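A.B. asks: What follows is a structure written as C-alpha cells; I'll ask about it next.
Since every read-out is calculated from the coordinates, none of them should be taken as a lab result. Values in this document were obtained by computation on a predicted structure and should not be read as measured data. Counting neighbours? That spans all protein chains shown, and the Cβs are built from the backbone with ideal geometry, glycine included.
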Amino acid sequence: MLRQPEEVFNQPPPLEDYNLFAHDTPLREGLRREGGAWAEEKVSEFGALMGRAETLRLGELANRHLPILRTHNRFGHRIDEVEFHPAWHELLSIGVAHEHHSLPWTNSRAGAHVVRAALNMLRHQVDEGASCPLTMTFAVVPSLRLQPALATEWLPRVLAREYDPRVLPAAEKRGVLFGMALTERQGGSDVQANTTRAVPTAKGGAGEEYELNGHKWFCSAPMCDAFLTLAQTDKGLSCFLLPRLLPDSTRNNGFQLQRLKDKLGNRSNASSEVEFRGALARMLGEEGRGVPTIIEMVRHTRLDCAFGSAATMRRAVAEALHHAAHRYAFGKRLLEQPLMRNVLADLCLESEAATALSLRLARGFDESPHDEGQRRFTRLATAVGKYWITKRAVAVVAETLEALGGNGYVEESPLPRLYRDAPLNSIWEGSGNVQCLDMLRAVKKDAGTLEMTLREIRAARGGNKYFDSFITKLERELTEPDGIETRARRIAELLALALQGALLVQHAPPEVADAFCTARLSGNAGLAFGTLPADTNFDRIIERSLPNM
Ligand SMILES: Cc1cc2nc3c(=O)[nH]c(=O)nc-3n(C[C@H](O)[C@H](O)[C@H](O)COP(=O)(O)OP(=O)(O)OC[C@H]3O[C@@H](n4cnc5c(N)ncnc54)[C@H](O)[C@@H]3O)c2cc1C
C-alpha cells in the first residue's frame, strides 16, 4: 500500500481523558489498605479530573510559560512580585479547593493523611511545581501550633479551601500560602552555619517582633503570604514567621527578591534568592530552638517528597506502558515484545513498591499522634523512604523516557519535564546523605525507631525465601558497628528495600511480590531495568499498572 508522506500511522494517541486513579491498581489498593477507603469515591472523582486533557494541559502551560520576576514597578518602587501564567493559579486553586494543603488538619478521620497523599499523588502527575507551596502550607501547621497566638492568627486562613493570589495583607485574604527560607549561600544542610541575624524591636522572645538582616539562597514560591525562616539571635538559631506584607498593607520592605533561579526543572514554580534588610518577623517557638521548631515542618515535607516521587514514577510508567501498548515494531506491539515486557514490568514493580511504601508512611503520620510504636516507625521510615524513593525516581524516569524512543526525548512529550523534575525531591528537604545521617541520628537517639521498623519488616517473614534471607543480611549489616556513617547509604537502602518487600509480600499478588523479591532482594539481579528472570509473570505485573485500555 502506498502511503502519503503526511499520513500519520503507528503513533500512539495522547494519554489523556482517563481516570488517573481508576487505572492505578497499586494506588487504589494502597488507599484502601492504609485506611483511606472512606474517601475512595472522592479520590476517584479527582483522578478523573486530573486525567482530563484540559487539566493535563494546565501542567504543560504552567511549565512552558515560566514565572517572571518584577522587582520594581515602572516608577522605580520595589514591588518584589512574580508573575505566573494563569495555568499556575488554576493548579493551585485545584489543590487548595481539594485540601491538598490541609486535609488531615481539617478532617480528624483516621486515614486522612493517606487520603491526602493519594490526592496529591494524582495532582502531582499533572504538575510537580505546584506541590511545593501546597506542601509547605500543609507542613507549616505543626510548627505554627507551637506558638498559640500566631496559630490563632494564621491557621484559619492556612486551612481555608480558597486560593487567593491577591497581593494583600494576610488578614484581608480568604486563604494564604506558606513558604520556608532556610538555605543560605554558605550552606543548606548545615543550617547552624546560617548568618542571618535577628534583633528584637522591643522586648523580644517567643511570639515577639524582630528585625531580620541577611539573605537566603533559596526561597521557593516567593509569592507565598508568609515564610518560616531561621536567623541567629544571641541565644542561637531561632525560627521566625515572616509575612510578605505587613498588616497596614505595606510591603514588608526588608524582604527583597534578588533574582529567580534558572532551574533544571520544577519550572512552573518560582525559586528565588532573597535578602532581608530589616524585614519584620515574629519569633516562632523558643529563642535558640529554631531547628526543633522548624523540624516539625521539615518532617512533613519529607513525606510529601516520598509520595511526590512515587507519583512522578507513576506518571512516567503510565506513559511508557501506554506508548508500548500502541506502538508496533517488528510486527508486534512493543508491549508484546518479550524484552520490552521485561523492562516495563520491572518499571511497574519499582513504581508499585514506591506507591506502597509512600502510603504506608502516610498511615504512620495518621497513627503517630496516638500510637508510640507508629511514631517511632514513622520517624525512621520517613528518612529511609524519602532517601530511597526520591533516588529511584531518577532512574525510573530515565528508563521510561527510553521506552518512548525518540518521542520521549522531545519536549512535546511529558517525559523531558518529568526527567528534569525527578532529581529535585532527592535534593531539597534534606539531600540523600542528610537523610541517611538523619536515619542514624534517629536510631542513636531512640533505638526503638529501629526496633519498630524491623518489627514491620519481620511481619512478612515466611512469605518469600529471598525476602527471608534478605532480612538476615539486613540484621547482620545493622549489628556491624564499624564505619556506620560511611555505610549509612547501604543501610538506608537495605531498610527501604526490606520495607518495600514486606509490603508487597503481605499485600500484593504473589506474582508481583515474588518478582520484586527476586529482582531487588535476591542479590542475583541485573543493574539496569529489564533484567527480570524469563519465568516472571509479566502479564500479572503489567496489568495492574496499564492505563486507559
Ligand atoms: C529547586 C530548589 C528549590 C529550593 N527551595 C528551597 C526553599 O524554598 N527553601 C529553602 O530553605 N531551601 C530550598 N532549597 C534548598 C535545598 O533545601 C538545599 O539545596 C539542600 O538542603 C542542600 O543544601 P545545599 O544546597 O546548601 O547543599 P550542601 O548542604 O552543601 O550539600 C551538598 C551535598 O553534600 C551532602 N552533605 C551535606 N552534609 C553532609 C555530611 N555531613 N556528610 C555527607 N554528605 C553531606 C548533601 O547530601 C549534598 O549532597 C531549594 C533547592 C532547590 C534545588
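A.B. asks: Helix 148-158 against the longest principal axis of the chain: what's the angle in degrees, Cα atoms only, rounded to the nearest 10?
C.D. replies: Its long axis makes an angle of about 50 degrees.
A.B. asks: Would you kindly derive the ³J(HN,Hα) couplings of region 173-190 from the backbone phi angles with the Karplus curve 6.51 cos²θ - 1.76 cosθ + 1.60 (θ = phi - 60°), listing them in order in whole Hz, with x for Gly and Pro?
C.D. replies: The phi angles translate into 9, 7, x, 10, 10, 10, x, 9, 10, 10, 5, 10, 3, 7, x, x, 5, 8 Hz.
A.B. asks: Suppose every Lys and Arg Cβ carries +1 and every Asp and Glu Cβ carries -1, with no other charges. What dipole size does region 115-263 come out with about its Cα centre, to the nearest 20 debye?
C.D. replies: Numbers: 18 positive and 15 negative charges, 47 e Å.
Around 220 debye, computed over region 115-263.
A.B. asks: Taking the dipole about the Cα centre of the chain, with the C-beta of Lys and Arg at +1 and of Asp and Glu at -1, give me whichever of Ala515, Trp428, Gly59 is farthest to the positive side.
C.D. replies: Trp428
A.B. asks: Using the Karplus equation 6.51 cos²θ - 1.76 cosθ + 1.60 (θ = phi - 60°), what ³J(HN,Hα) coupling, rounded to whole Hz, does each residue of region 466-482 give in order, writing x for Gly and Pro?
C.D. replies: Listing the rounded values in order: 5, 4, 4, 6, 5, 4, 4, 4, 4, 5, 5, 4, 6, 8, 6, x, 6 Hz.
A.B. asks: Determine the relative contact order of the chain: mean sequence separation of Cα pairs under 8 Å and six or more apart, normalised by residue count, in whole percent.
C.D. replies: On the way: 1040 pairs, mean separation 79.3, N = 549.
That works out to 14 percent.
A.B. asks: Which value at 222 nm does the chain reach when only helices count, each DSSP H run of 4 or more adding -39,500 (n - 2.57), with the total divided by all residues and rounded to the nearest 500 deg cm²/dmol?
C.D. replies: Details: 18 runs with 265 residues, N = 549.
One gets -15500 deg cm²/dmol as the mean residue ellipticity at 222 nm.
A.B. asks: Over all distinct Cα pairs, what is the inverse of the mean 1/r for the chain, reported as the Kirkwood hydrodynamic radius in Å? Don't skip to the answer; put the middle values down first.
C.D. replies: Details: mean 1/r = 0.0415 Å⁻¹.
After inverting the pairwise mean of 1/r, the radius is 24.1 Å.
A.B. asks: Then there is this: Give the separation of the Cα centroids, region 101-179 to region 484-544, in Å.
C.D. replies: Spelled out, the Cα-based centre of one part sits 35 Å from the other.
A.B. asks: Using θ = phi - 60° and the Karplus curve 6.51 cos²θ - 1.76 cosθ + 1.60, what whole-Hz ³J(HN,Hα) does each residue of region 193-200 get, with Gly and Pro shown as x?
C.D. replies: 7, 3, 10, 4, 10, 10, 10, x
A.B. asks: Counting each pair of different Cα atoms once, what's the Kirkwood radius of region 411-549 in Å, rounded to one decimal?
C.D. replies: Working: mean 1/r = 0.0584 Å⁻¹.
This gives a value of 17.1 Å.
A.B. asks: List every residue whose amide H lies under 5 Å from the amide H of Ala329, counting only residues 5 or more places away in sequence or on a different chain, with H placed 1.01 Å from N in the peptide plane.
C.D. replies: Amide H neighbours of Ala329, under 5 Å, 5+ apart: Leu334.
A.B. asks: Another question, if that's okay. Using square roots of five times the C-alpha gyration tensor eigenvalues, list the equivalent-ellipsoid semi-axes of region 69-140 in whole Å, biggest first.
C.D. replies: Details: eigenvalues 193, 36, 14 Å².
Working through the eigenvalues yields semi-axes of 31, 13, 8 Å.
A.B. asks: How about Lys465: which lysines have a C-alpha closer than 30 Å to its C-alpha, ignoring those fewer than 8 places off in the same chain?
C.D. replies: Those lysines meeting the cut-off are Lys386, Lys391, Lys473.
A.B. asks: Then there's this: Fewest first, what order do Tyr328, Tyr466, Tyr210, Tyr387 take by the number of other Cβ atoms within 10 Å?
C.D. replies: Numbers: Tyr328 13, Tyr466 20, Tyr210 23, Tyr387 29.
Ranking Tyr328, Tyr466, Tyr210, Tyr387 by Cβ neighbours within 10 Å, fewest first, gives Tyr328, Tyr466, Tyr210, Tyr387.
A.B. asks: Taking the convex hull of the Cα atoms, report for region 131-246 its projected area averaged over all directions, in nm². Spell out each step's value before the answer.
C.D. replies: Numbers: hull surface 28.7 nm².
Averaging across all directions leaves 7.2 nm² for the Cα convex hull.
A.B. asks: Take every Cα pair under 8 Å in region 1-125 that's 6+ residues apart, average their separations, divide by the length, and report that relative contact order as a whole percent. Numbers along the way, then the final one.
C.D. replies: Working: 122 pairs, mean separation 32.6, N = 125.
Averaging sequence separation for qualifying contacts and normalising by length gives 26 percent for region 1-125.
A.B. asks: Moving on. Within 10 Å, count the other beta carbons around each residue, average over each peptide in 430-439, 260-269, and list them highest first. It would help to have the intermediate numbers written out before the result.
C.D. replies: Details: 430-439: 20.3, 260-269: 18.8.
Per-residue Cβ counts within 10 Å, averaged per peptide and sorted highest first, yield 430-439, 260-269.
A.B. asks: Taking the Cα centre of each part, how many Å lie between region 209-241 and region 383-448?
C.D. replies: Each part's Cα centre sits 28 Å from the other's.
A.B. asks: Then there's this: How big, in percent, is the set of alpha carbon pairs in region 232-367 lying more than 27 Å apart? Kindly include the intermediate steps, with their values, before the conclusion.
C.D. replies: Numbers: 4771 of 9180 pairs.
I get 52 percent for the Cα pairs in region 232-367 exceeding 27 Å.
A.B. asks: Sticking with this one: Could the peptides 147-158, 348-359 be put in order, highest first, of the mean number of other beta-carbon atoms found within 10 Å of their residues? If you can, show how the numbers build up before the last one.
C.D. replies: On the way: 147-158: 16.3, 348-359: 28.6.
So the order, starting with the most tightly packed, is 348-359, 147-158.
A.B. asks: Remind me, relative contact order of region 66-194 in percent, using alpha carbon pairs under 8 angstrom and six or more residues apart? Working shown, then result.
C.D. replies: Details: 133 pairs, mean separation 25.4, N = 129.
After rounding, I find 20 percent.
A.B. asks: Kindly put Asp127, Asp234 in sequence by how many other C-beta atoms sit within 10 Å of each C-beta, fewest to most.
C.D. replies: Values: Asp127 30, Asp234 12.
Placing the least packed residue first, the sequence is Asp234, Asp127.
A.B. asks: Still on this model: Quick one: grab the alpha carbon gyration tensor of region 418-476, order the square roots of its eigenvalues as a ≥ b ≥ c, and give me rounded if a/c is under 1.5, else prolate or oblate depending on whether a/b is larger than b/c.
C.D. replies: Values: a/c = 3.02, a/b = 1.48, b/c = 2.04.
Because a/c hits 1.5 or more and a/b fails to exceed b/c, region 418-476 counts as oblate.
A.B. asks: Right, another one. What base-10 log of the normalised intensity I(q)/I(0) is obtained for region 161-310 from the Debye formula, alpha carbons as equal point scatterers, at q = 0.12, 0.19, 0.20 Å⁻¹?
C.D. replies: Normalising to I(0) and taking log10 leaves -0.49, -1.25, -1.36.
A.B. asks: Could you order the peptides 408-420, 72-84, 2-14 from most to least packed, using the average number of other C-beta atoms within 10 Å per residue? Don't jump to the answer; show the numbers that get you there.
C.D. replies: Working: 408-420: 18.0, 72-84: 13.0, 2-14: 7.7.
Result, highest mean first: 408-420, 72-84, 2-14.
A.B. asks: Under unit Cβ charges (Lys, Arg +1; Asp, Glu -1), what dipole magnitude, rounded to 20 debye, does region 1-46 have relative to its Cα centre? Walk me through the numbers before you get to the answer.
C.D. replies: Details: 5 positive and 10 negative charges, 38 e Å.
It works out to roughly 180 debye.
A.B. asks: Among Trp388, Trp217, what is the fewest-to-most ranking by other Cβ atoms within 10 Å? Working shown, then result.
C.D. replies: Working: Trp388 28, Trp217 18.
The order, fewest Cβ neighbours first, is Trp217, Trp388.
A.B. asks: Can you tell me the dipole magnitude for the chain around its Cα centre, using point charges on the Cβ only (Lys, Arg +1; Asp, Glu -1), in Debye to the nearest 20?
C.D. replies: Values: 67 positive and 69 negative charges, 128 e Å.
It comes to approximately 620 debye.
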